[in-house]
Amino acid sequence: MARNTDPLRLDNIHKATMHMVVKNGYGGASVSSIAKQAGVAEGYLYRFYKGKAELVNDLFYKVLSEVADHMEKVLIHAQNIDEVLDELLDQMLKLTHNTPEKIMFLYKLMHDHNFRMDDNLRDRIFGICKYFREFGAQTGQVDPEISEENIYLLCVAYPISFINSRLKGLFYTQKLDKEELIDVKSLILKSLKK
């Protein structure tokens with residue numbers, strides 16, 4: 001007999017995982033603490049995931065895929081890199097305002113040496129960055145010699161780090177709106193040209 005899956009409980013597991021990773025880092029988020037935070041038995045969590053690594057990678061994949069899916073659509077229809085960056089930064093801003101824990105979750109995992117990104121996601125991101133470079137080289141806005149890694153660092157990691165510093169009020173301000181991201185975009189565009 002098949003067991004029923006309670007979508008609310010599964011959602012609680014995902015939220016608890018994000019919360020525990022943001023609060024304690026990847027290494028400090030145990031299956032036990034996640035299950036307790038979610039209000040489920042550890043066994044219930046193991047029905048869906050082999051362990052913490054699979055659970056966290058699944059969530060990381062889902063959250064980063066939101067950004068990647070949008071980026072792929074934008075790259076197909078955009079006329080230039082300005083449009084791509086506007087859309088990307090706007091999406092990150094919306095994600096921050098709607099679910100700030102997702103941005104903090106990405107930030108935390110991107111900077112945690114104990115966490116390793118799934119190879120399929122890494123390959124997908126590499127492909128998007130490669131296409132971004134080729135498209136940007138055609139429009140004359142991106143140095144054709146810039147690496148995919150630097151494109152990722154400039155266009156994904158830097159905005160997420162900037163947003164995280166604003167969420168934390170690192171330099172005495174938490175203001176975060178489209179106007180604040182104009183300088184971020186300008187720095188990215190200058191850096192892409194080398």
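For segment 1-46, name all the residues that are without any contact (Cβ under 8 Å) to a residue 60 or more places away in the chain and either in contact with a Pro (Cβ under 9 Å, 6 or more places away or on another chain) or aromatic (Phe, Trp, Tyr) (or both).
44, 46
A quick yes/no check of all residues on (1) touching a Pro at 6+ places or on another chain (Cβ under 6 Å); (2) closer than 22 Å to residue 22 by Cβ; (3) among the charged types (D, E, K, R):
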residue: 102; (1), (2), (3): no, yes, yes
residue: 111; (1), (2), (3): no, yes, no
residue: 126; (1), (2), (3): no, no, no
residue: 129; (1), (2), (3): no, no, no
residue: 148; (1), (2), (3): no, no, yes
residue: 156; (1), (2), (3): no, yes, no
residue: 182; (1), (2), (3): no, no, no
residue: 194; (1), (2), (3): no, no, yes
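Among the helices (runs of 4 or more DSSP H) contained in segment 20-115, which hold 3 or more residues that are at pLDDT below 95 and within 26 Å of residue 188 (Cα to Cα)?
In segment 20-115, 52-77, 81-98, 100-110 are the helices (runs of 4 or more DSSP H) which contain 3 or more residues that are at pLDDT below 95 and within 26 Å of residue 188 (Cα to Cα).
Search segment 31-67 for residues being among the aromatic types (Phe, Trp, Tyr) and under 13 Å from the mean Cα position of the chain (by Cα), and hand back the single one that is surrounded by the fewest Cβ atoms within 10 Å (Cβ to Cβ).
Result: 61.
So which residues in segment 1-41 are more than 27 Å from residue 165 (Cα to Cα) and among the β-branched types (Val, Ile, Thr), if there are any at all?
Scanning segment 1-41 gives 5, 31, 40.
Going by the structure shown, is residue 193 surrounded by 11 or more Cβ atoms within 10 Å (Cβ to Cβ), touching a residue at least 24 places away in the same chain (Cβ under 8 Å) and of a type outside the set (S, T, N, Q)?
yes
The values are calculated or read from the model by the stated rules, or taken from the named source; none is laboratory data. Bear in mind the structure is a predicted one, so any value in this text is a computation, not a measurement. Every residue, glycine as well, gets a Cβ built from its backbone with ideal geometry; the counts of neighbours run over all protein chains shown.
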